[in-house]
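Down below is the structure, laid out as structure tokens.
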Amino acid sequence: MEFTFDFTAEQLAQCITKNKNPQEWYEGLYEQLPKFGIVTPARVAGFISQCQHESLDFTILTENLNYGDKGLMSIFKKYYPDPALAKAHQRKPELIANRVYSGRMGNGPESSGDGYKYRGRGLVQLTGRSNYTQCSKDLFGDDCLVDDPDLLLNPEWAILSACWFWHKNKLNDICDRGDVVLLSKRINGGTIGLADRIHHWNKCLELFEPH
């Protein structure tokens, strides 16, 4: 497929203003998005706006788990009901990830280290051994992402993993309906940062839609 509008590097630079190297991202997006049918103003706006919220304008490609004890008891209260445990784990991302992500999403027990190894990476924070495994098999036909999860810190692979997630969850259809709330829920699991996501969506659409 081909873009249905003139998608330019200048437009992307106006979207991801905190990024110092938008050209590198533009080249990857221009090459990969059409392969997944992300070609209309609404679809590209949806993809970029959601990714830029998740990654702070395509600058952060790994999950920040540097929480203090109060943050742990608020955000992860199911896993940190005890103030002493929260205090012992505060500001220790590896311990936090291994506790919070253990025994789910294909991860082993807390002692396996899977939680931290398969923490969120890429533009939409691919998380959990199961997702790394399926994404790797679907995109590359092997277990390269399982063996080396940090590959998703490379811009090209970060884009590809986000496209894979997008296609798997049929997010183009939601963009076609203009439903930013549902789109945000499918990506985030809720509506955290909804106002920012809507702001980016509107700005991208304004740039991409022919006037």
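Relative to the longest principal axis of the Cα atoms of the chain, the long axis of helix 194-208 makes an angle of roughly 20 degrees.
Averaging Cα coordinates gives a centre for the range 26-66 and one for the range 138-159; these two points are 16 Å apart.
Just to verify a number: FRET efficiency for LEU56 and ASP142, C-beta to C-beta distance, R0 = 41 Å, to 0.05? After rounding, the FRET efficiency stands at 0.85.
Rounded to the nearest whole Hz, the Karplus-based 3J(HN,Hα) values (6.51 cos²θ - 1.76 cosθ + 1.60, θ = phi - 60°) of the range 140-145 follow the sequence 10, x, 8, 10, 4, 6, with x at glycine and proline.
Dipole magnitude for the chain: about 1080 debye, using +1 per Lys or Arg Cβ and -1 per Asp or Glu Cβ, origin at the Cα centre.
Here the range 53-163 is treated with +1 on each Lys and Arg Cβ and -1 on each Asp and Glu Cβ, and its dipole about the Cα centre works out to around 660 debye. Fully extending the segment from GLN32 to SER130 would add 33.0 nm, taking 0.36 nm per residue of separation and subtracting the current Cα-Cα distance. Structure note, pairs LYS35/LYS117; LYS77/LYS170; LYS78/LYS168; LYS78/LYS185; LYS77/LYS137: Cα-Cα distances above 24 angstrom occur for LYS35/LYS117; LYS77/LYS170; LYS78/LYS168; LYS77/LYS137. Our coupling estimate for the range 152-164, obtained by passing each phi through the Karplus curve with A = 6.51, B = -1.76, C = 1.60 and θ = phi - 60°, is 6, 7, 7, x, 4, 6, 4, 5, 4, 5, 5, 5, 4 Hz, Gly and Pro reported as x.
Taken about its Cα centre, the range 16-111 carries a charge dipole of roughly 380 debye when the Cβ of each Lys and Arg holds +1 and the Cβ of each Asp and Glu holds -1.
Near SER184: Cβ cut-off under 11 Å, other residues only, Lys/Arg at +1 and Asp/Glu at -1. The net charge is 0.
Students often get this wrong: which residues of the range 180-211 have the backbone nitrogen under 12 Å from the point 7 angstrom along Cα-to-C-beta of SER112? So the set is empty, nothing qualifies. Here each label is just a point 7 Å from Cα along the line to Cβ, and for ASN64 and GLU24 those points are 2.0 nm apart. For LYS203, go through the aspartates and glutamates and keep the ones whose alpha-carbon is under 17 Å away, minus same-chain ones fewer than eight residues off. Straight-distance partners of LYS203: ASP6, GLU10, GLU54, ASP57, ASP176, ASP179. Over the chain, Cα pairs under 8 Å with separation of 6+ residues give a relative contact order of 24 percent.
Once the chain from LYS168 to ILE192 is taken as fully extended at 0.36 nm per residue, the excess over their C-alpha distance is 6.5 nm.
The phi torsions of the range 49-56, fed into the Karplus equation with coefficients 6.51, -1.76 and 1.60 and a -60° offset, translate into couplings of 5, 6, 5, 5, 5, 5, 10, 6 Hz, rounded to whole numbers, with Gly and Pro shown as x.
Every number here is computed from the coordinates shown, using simple stated rules; none is lab data. Since the model is a prediction, treat every value here as computed from it, not as a measurement. Cβ atoms come from the backbone with ideal geometry, glycine included; neighbour counts cover every protein chain shown.
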